[in-house]
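Have a look at the structure below before the remarks.
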Amino acid sequence: LVALKNEGDIILAATEEEVRHVKPGPDKSPFFYEYCSNLFSQEYRGKFTLQTPFQQKTKTEILVEWKNKWLQIYNLSPYDTTTCYYGTECGTCNSCFKRSLALLAAGFDLDPGIKSNPFVSNIEKVHVYLKRIKYRSKEFTSAVRSDILRGFIAAKRKNLLPELIKEEIEFLEKRDIL
């Protein structure tokens, strides 16, 4: 997501988990920011700077700030945005799954416009995430891990999880793994 903030400032909404990922994409590197800043500056004959103000925050932290501050100021709901790979709020892609976890962890409900419950339609991803959490994968920072756990616990409380996954969450909670 790239948005023009002020003349000359281009904002890239990359989060902590995207910038600091084990294998960050090429569009999240310092080289990319500098290259694009120079490209826009040359193309539009002005001084442009590509910034990423959210690189120290997780998706959940951004949504909590949104809920506590931006919702009243801008009257724009996170449900008015999309991160779906297909632009349809499919509920099956990885982006819909991660967004749903972050929304729930931040105290929002599941997006009412989502076409299918990502915890049911993306069951393989649910298992992968739980396994990574259980064995403390280095793929996640402690903040992201905590957000994922809060998302799963909120999904369980809202009855969004299949029974087998609910049981696994309860088992992990009893063992203080969650």
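Note on D109/T49: beta-carbon distance plugged into 1/(1 + (r/R0)^6) with R0 of 41 Å gives a FRET efficiency of 0.65. If R0 is 45 Å, the Cβ-Cβ spacing of E167 and Y74 corresponds to a FRET efficiency of close to 0.65. Label sites at Q42 and K174, each approximated as a point 7 angstrom past Cα along Cα to Cβ, lie 6.3 nm apart.
How charged is the neighbourhood of D109? Take every other residue with its Cβ under 15 Å from the Cβ of D109, and add Lys/Arg as +1 and Asp/Glu as -1. Around D109, the surrounding residues sum to +3.
Scanning residues 5 or more positions from L50 or on other chains, those with amide H under 5 Å from its amide H are I10, S37, with H placed 1.01 Å from N in the peptide plane. Of the solvent-accessible surface of the range 97-137, computed with a 1.4 Å probe over protein heavy atoms with every protein chain present, carbon and sulfur atoms account for 52 percent.
Averaged over its residues, the range 71-126 has an accessible area of 49 Å² per residue, based on protein heavy atoms and a 1.4 Å probe.
Relative to one another, the C-alpha centroids of the range 89-103 and the range 137-172 are positioned 14 Å apart.
The values are calculated or read from the model by the stated rules, or taken from the named source; none is laboratory data. On a predicted model such as this, the values are computed, not experimentally measured, just so you know. Every residue, glycine as well, gets a Cβ built from its backbone with ideal geometry; the counts of neighbours run over all protein chains shown. Just the protein is used for accessible areas: all its heavy atoms, side chains included, with ligands, DNA and RNA removed. Shrake-Rupley method; radii C 1.70, N 1.55, O 1.52, S 1.80 Å.
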